[in-house]
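The values are calculated or read from the model by the stated rules, or taken from the named source; none is laboratory data. Treat the numbers as computed from the prediction; the structure is a model and nothing was measured. In this analysis, Cβ positions are derived from the backbone assuming ideal geometry, glycine residues included, and neighbour counts consider all displayed protein chains.
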């Protein structure tokens, strides 16, 4: 009995040692290893989740979402006197449950399509806290936004302004608007996700005078109310300096409008794009640091320019959703090509994880049922689509993976479910939320009948 006790103690010591030494290696704080050596998220065993709900499987940790929302709200309160609103960018990940959680935390919402608006309405989101975005809104979308009573519409171009003015007149409404401005800031990010430079499909350019002319035309409109200006410089940005510079440029523009047109712009939306930790070497600044520095920039510039401090809007999406989520897959084939590479094939694909094929976006992966083991090899994780480029990642450190193992890809809560497709007629995975070890389905797994539902 004594020897058995000592053996159990040695086992527990090794487990605790592994926990102490390896938890830090995970890119998200909601990940851990339990006594079985299995990866956990939000206290739930990922191997058990895969067995219960099947794979591929998106898993979101509710408490991580809520914690991020509170950090944004608290930072605005602490550093900017509460004179602002954080609006979750729903394009990162939108479903009824996500909208309900975000709403319960007192945040606003940034929507970019009639589908995202409809989801917010059905979730009971307070529409006065919703901003409606997009570079090519249809008349159907503008009509719906006005009918829903969104807080403001972010106008992208002159033709949209004219159409909205006419729609508002027909409905006897006066929607509030912002104008999207291109501040000309280089965010030092991927070319596909830079949005603040002059050569962009979004917004009015400052350099050409286009933005100023748009303001003049908006002021003259009788059925819309210009209440703010908006900018967004890119995504997955680690450096705070570009945000500070964007704030300065936008405030100078607000001052120009006041001085030359005698018109006070009350709101300033500085967009989102805050970077997150996908790999251990990534080192994004804490959001609190961003908010402190940008708030100081806004305050000092407003004093210098002689203008009132605007109501600030920000649009975090990835920074709320991505760290909260993982995607679970089951390993199928393993293919070793000597002196070239080892392929580990999974039951998912670019259809449910499209960011690598789009952007070469890198992720951390873990064999969930071997989470306390060393990542002893480097492999290419391959999807099941009939595409050579269908990869989750290349040269990824991983525990030895065999058929039947469960692989967790980390920080996938943003831009995976929302960008998923039915390519190769694959069914979209389920989305499960976990909360302190308990799990629930938020989005059902598609069935084969769902695949042909709209076929004639």
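Of all residue pairs spaced 6 or more apart or on separate chains, those with beta-carbon atoms under 9 Å, a first member in segment 291-312 that is at positive phi and a second member that is assigned to a helix (DSSP H, G or I) and surrounded by 15 or more Cβ atoms within 10 Å (Cβ to Cβ) are 306/255; 306/258. Evaluated against (1) over 30 Å from residue 227 (Cα atoms); (2) surrounded by fewer than 19 Cβ atoms within 10 Å (Cβ to Cβ), residue 323 falls short on exactly one condition, (2). The lone criterion from (1) over 16 Å from residue 232 (Cβ atoms); (2) surrounded by fewer than 24 Cβ atoms within 10 Å (Cβ to Cβ) left unmet by residue 91 is number (1). Where strands (runs of 3 or more DSSP E) sit wholly within segment 363-456, those with at least 1 residues that are closer than 16 Å to residue 332 by Cβ and touching a residue at least 24 places away in the same chain (Cβ under 8 Å) occupy 365-367, 377-382, 391-398, 406-410. Can you find even one residue in segment 15-28 that is touching a helix residue (DSSP H, G or I) at 6+ places or on another chain (Cβ under 9 Å) and at pLDDT below 95? Yes - at least one qualifying residue is present in segment 15-28. Within segment 314-362, the residues that satisfy the criterion of being part of a loop (DSSP other than H, G, I, E, B) and free of Cβ contacts under 8 Å to residues at least 60 places away in the same chain are 338, 339, 340, 360. Residues that are more than 24 Å from residue 202 (Cα to Cα) and surrounded by fewer than 17 Cβ atoms within 10 Å (Cβ to Cβ) within segment 100-120 comprise 100, 104, 106, listed in sequence order.
Can you tell which of 176, 190 is modelled with pLDDT of 95 or more and either in the same structural domain as residue 235 (by TED's automatic domain parsing) or within 13 Å of residue 226 (Cβ to Cβ) (or both)? Of 176, 190, the one residue that is modelled with pLDDT of 95 or more and either in the same structural domain as residue 235 (by TED's automatic domain parsing) or within 13 Å of residue 226 (Cβ to Cβ) (or both) is 176.
Considering each residue of segment 429-441, count those that are more than 15 Å from residue 50 (Cα to Cα) and either touching a strand residue (DSSP E or B) at 6+ places or on another chain (Cβ under 6 Å) or surrounded by 14 or more Cβ atoms within 10 Å (Cβ to Cβ) (or both), and give that number.
1
Residue 196 meets all of the listed conditions (1) modelled with pLDDT of 95 or more; (2) within 30 Å of residue 393 (Cβ to Cβ) but one, namely (1).
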